[in-house]
Every structure is written in C-alpha cells, then in structure tokens.
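The values are calculated or read from the model by the stated rules, or taken from the named source; none is laboratory data. Keep in mind that what you see is a predicted model, and the values were worked out from it rather than measured. Glycine gets a Cβ as well: all are built from the backbone with ideal geometry, and neighbour counts include every protein chain shown.
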Amino acid sequence: MITAELPGAHWSDTFTLDVPQGGLDAERAARLALDRIPVWAQVLMRLRNALVAPFGLKAAPDGTLPPEASIGTFPVISRAPDKVVLGLDDKHLDFRIVITVDPASRAPQRVSATTMVRINNGFGRAYLAAVMPFHKLIVPVTLRQILKGV
C-alpha cells in the first residue's frame, strides 16, 4: 500500500492496465480515464450524491473546480510525471486515488489506479461496504477508457 499518500489508511486496492503504445504521463492517463467515465457510472455517482446529501457528506465537486484543480470530478492533491494523487477528506472517510505510470519509454506501459480509504467513523465503515461492489465494477471500466484515447 502507498501509505504515504494517506497515512492510517484502513483499506486499499489497486487495478492495473497495460497500454500497448506507452508514451503516457500520469496526468494524461488520469484524464483519459476519469474525464470520460461511462454514462452508467456517471448515473451511479449522481445517485450516490443524492443519497448522501441528507447526511451532510461532500459531493464530488462536479465542475465547480477549475480544470487544472481537478481530474474528472476529483480534486487534485499532487501531481508529478509518474504519479497523480486525487482525493477528498470528509467526516465519514477520507480517500485518495493514486494514478501511477511506468516510464513512458517502456511499451507496454503499465498504468495503476490505487484507491485508499481511511475510515473516520461507523458511518464511513457502512458507506465503504455499500459502495464497494460498485467501486470494483467502475474502476476497471474507467481504466480501460485510456485505451480509447491513446
């Protein structure tokens, strides 16, 4: 686990994709994946936002941040050529999405998406359990969007 990105994380997973052409930096990979989320996944995210609003949880910024401050709907925390960190801290849990790429000169080039979660309370634990099945569907499909853009 990349614990430096979210100290005290309780949970993480990583999905990978090999891009035959290579030549990507982390930000381009993240934008290819997250700026083009499939419609069905967008619908699920809007449903999530509507369901958690009564509990005072933060919704994804959804266009309220300037383009350089977000990728998809996620705020950018840090960026480097080989790694982009996205995430948000909330009262129920804090999360990070870390997109990493192997060196661009290597083909195929491996792109990894690691999600980390630090649970802040019982509601966060329940929330994570509820969204986990959808997370495991959405992340691999989202990563494959990279292949459509290179």
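Miscellaneous remarks
- For PHE74, the test of being closer than 25 Å to TRP11 by Cβ and either among the small types (Gly, Ala, Ser) or modelled with pLDDT of 85 or more (or both) is passed.
- Every residue from region 16-44 that is touching a Ser or Thr at 6+ places or on another chain (Cβ under 9 Å) and of a type in the set (Lys, Arg): ARG36
- Selection within region 37-55 - surrounded by 13 or more Cβ atoms within 10 Å (Cβ to Cβ) and touching a residue at least 60 places away in the same chain (Cβ under 8 Å): ILE37, PRO38, ALA41, LEU44, ARG48, VAL52
- Residue check for SER78: under 17 Å from the mean Cα position of the chain (by Cα), closer than 25 Å to VAL19 by Cβ, surrounded by fewer than 13 Cβ atoms within 10 Å (Cβ to Cβ) and of a type in the set (Gly, Ala, Ser): yes
- Tally, over region 68-90, of residues that are under 20 Å from THR3 (Cα atoms) and either in contact (Cβ under 8 Å) with a residue 40 or more places away in the chain or not small (Gly, Ala, Ser) (or both): 16
- Search result, residues across region 102-128 that are surrounded by fewer than 14 Cβ atoms within 10 Å (Cβ to Cβ) and either within 13 Å of the chain's Cα centre (by Cα) or modelled with pLDDT under 95 (or both): PRO103, SER105, ARG106, ALA107, PRO108, ALA126
- When we screen PHE95, PHE134, PHE123 for residues that are in contact (Cβ under 8 Å) with a residue 40 or more places away in the chain and touching a Gly at 6+ places or on another chain (Cβ under 7 Å), the only hit is PHE95.
- With a requirement of 1 or more residues that are on the phi > 0 side of the Ramachandran plot, the strands (runs of 3 or more DSSP E) lying completely within region 30-104 that satisfy it span 83-89.
- Any hit, region 52-62, residues being within 13 Å of the chain's Cα centre (by Cα) and closer than 22 Å to ALA9 by Cα: yes
- If you go through region 1-29 and pick out every residue that is assigned to a helix (DSSP H, G or I), of a type outside the set (D, E, K, R) and modelled with pLDDT of 95 or more, you end up with 2.
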